[in-house]
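Colleague: This structure is in structure tokens; I'll ask about it shortly.
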Amino acid sequence: MHEDLERVLFTEEQIRHRIAQLAAEISRDYAGREPVLVTVLKGAVFFMSALARELMIPVRLDFLGIASFSPGRALPGVVRITKDLDQSIHGADVLLIEDIVDTGLTLRYLRNMLASREPASLEVCSFLDKVPRRLVEIPIKYRGFEIPDRFVVGFGLDYSQRYRTLPCVGILKSQIYQGKS
Ligand code: IMP
């Protein structure tokens, strides 16, 4: 799968190091509390499990399944929930775990939906942040890496369900999604 990458942006080692830093920060901020890590399926699962292993505080896990409507076919940023949380987050400290924030529309929708359930606190932790593409400003308290406006795969991120299991993050060769490979 590596041969389909134009270049590697972050190696396995760099990712491990950055996640350890994030985990230390989160452990400090949430000391004495037991936050719920709400992870968006499927891409963010890889990031969440690496992060959770490094945390020094107890956490609860829950998952949200979403399907974004295709661009141009529905309202942008409207997300369909394919799997809701198993437990109530009312009164809980919630940390929403995302793989990547691009335009920010998905995150805005999810954040509003979770906020309406009245958690005690609600923060966002995203593995990647594609800053140049942002259309709506959403506070992201914890972020792994900022990336340029390129399509990336690996460490949970996919193209057509492929490449999620790559241990690094890289820019996908454009021939792959233009169907010329
Ligand atoms: P947003 O609503 O535009 O922020 O879109 C976020 C979603 O778009 C992510 O959860 C990913 O599923 C997808 N996405 C955006 N950029 C990339 C990328 O570079 N690689 C893989 N998926 C991406």
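The values are calculated or read from the model by the stated rules, or taken from the named source; none is laboratory data. From a predicted model like this one, the values you see are computed outputs, not experimental measurements. Counting neighbours? That spans all protein chains shown, and the Cβs are built from the backbone with ideal geometry, glycine included. Ligands, DNA and RNA are excluded from the accessible area calculation, which covers all protein heavy atoms including side chains. Shrake-Rupley method; radii C 1.70, N 1.55, O 1.52, S 1.80 Å.
Colleague: Sort through Val153, Val136, Val94 and tell me the only one that's more than 12 Å from the chain's Cα centre (by Cα) and under 21 Å from Pro35 (Cβ atoms). Lay out the reasoning, then the answer.
Modeller: Values: Val153 fails: under 21 Å from Pro35 (Cβ atoms); Val136 fails: under 21 Å from Pro35 (Cβ atoms).
Only one candidate passes the filter, namely Val94.
Colleague: Within the bounds of the stretch 9-24, is there any residue that is crowded, with 16+ Cβ neighbours inside 10 Å and without any contact (Cβ under 8 Å) to a residue 40 or more places away in the chain?
Modeller: yes
Colleague: Residue under question is Lys83, and the condition is that it be within 12 Å of the ligand (Cβ to nearest atom) and farther than 22 Å from Ala23 by Cβ; does it hold?
Modeller: Details: within 12 Å of the ligand (Cβ to nearest atom): no; farther than 22 Å from Ala23 by Cβ: yes.
So Lys83 fails the test.
Colleague: Separate question: Taking only pairs six or more apart or across chains, which ones have beta-carbon atoms under 7 Å, a first residue in the stretch 82-105 that is closer than 13 Å to Pro139 by Cα, and a second residue that is open to solvent by 40 Å² or more (accessible area, probe 1.4 Å) and assigned to a strand (DSSP E or B)?
Modeller: Sorted first by the residue in the stretch 82-105, then by its partner, the pairs are Leu95/Glu123.
Colleague: Give the residues of the stretch 85-104 that are under 30 Å from Pro148 (Cα atoms) and among the small types (Gly, Ala, Ser), sorted by residue number.
Modeller: Once the filter is applied, which keeps residues that are under 30 Å from Pro148 (Cα atoms) and among the small types (Gly, Ala, Ser), the stretch 85-104 yields only Gly104.
Colleague: Among the residues of the stretch 75-91, are any open to solvent by less than 30 Å² (accessible area, probe 1.4 Å), modelled with pLDDT of 95 or more and over 17 Å from the mean Cα position of the chain (by Cα)? Explain how you work it out, then say what you get.
Modeller: The first filter runs over the stretch 75-91 and keeps only residues open to solvent by less than 30 Å² (accessible area, probe 1.4 Å), leaving 77, 79, 85, 89.
Checking the rest, the ones that are also modelled with pLDDT of 95 or more come to 85, 89.
Cutting the leftovers down to over 17 Å from the mean Cα position of the chain (by Cα) gives us 89.
Within the stretch 75-91, one or more residues are open to solvent by less than 30 Å² (accessible area, probe 1.4 Å), modelled with pLDDT of 95 or more and over 17 Å from the mean Cα position of the chain (by Cα).
Colleague: Among the residues of the stretch 51-69, is there at least one that is within 16 Å of the ligand (Cβ to nearest atom), under 23 Å from Ile171 (Cβ atoms) and in a strand (DSSP E or B)?
Modeller: Of the residues in the stretch 51-69, the ones within 16 Å of the ligand (Cβ to nearest atom) are 63-69.
From what's left, under 23 Å from Ile171 (Cβ atoms): 68.
Next, from what is left, pick out any that are in a strand (DSSP E or B): 68.
So far as the stretch 51-69 goes, yes, one or more of its residues are within 16 Å of the ligand (Cβ to nearest atom), under 23 Å from Ile171 (Cβ atoms) and in a strand (DSSP E or B).
Colleague: Still on this structure: Taking Val45 as the residue in question, decide whether it is closer than 18 Å to Val152 by Cβ, surrounded by fewer than 20 Cβ atoms within 10 Å (Cβ to Cβ) and not charged (D, E, K, R).
Modeller: On the way: closer than 18 Å to Val152 by Cβ: yes; surrounded by fewer than 20 Cβ atoms within 10 Å (Cβ to Cβ): yes; not charged (D, E, K, R): yes.
Taking the combined requirement at face value, the residue satisfies it.
Colleague: Report those strands (runs of 3 or more DSSP E) wholly inside the stretch 117-181 carrying at least 3 residues which are closer than 19 Å to Leu9 by Cα, open to solvent by 20 Å² or more (accessible area, probe 1.4 Å) and away from the ligand (no atom under 11 Å from the Cβ). Reasoning before the result, please.
Modeller: Working: elements: 121-129, 142-146, 169-172.
Answer list for the stretch 117-181: 142-146.
Colleague: Determine whether Leu107 is part of a helix (DSSP H, G or I) and within 12 Å of the ligand (Cβ to nearest atom).
Modeller: Yes, satisfied.
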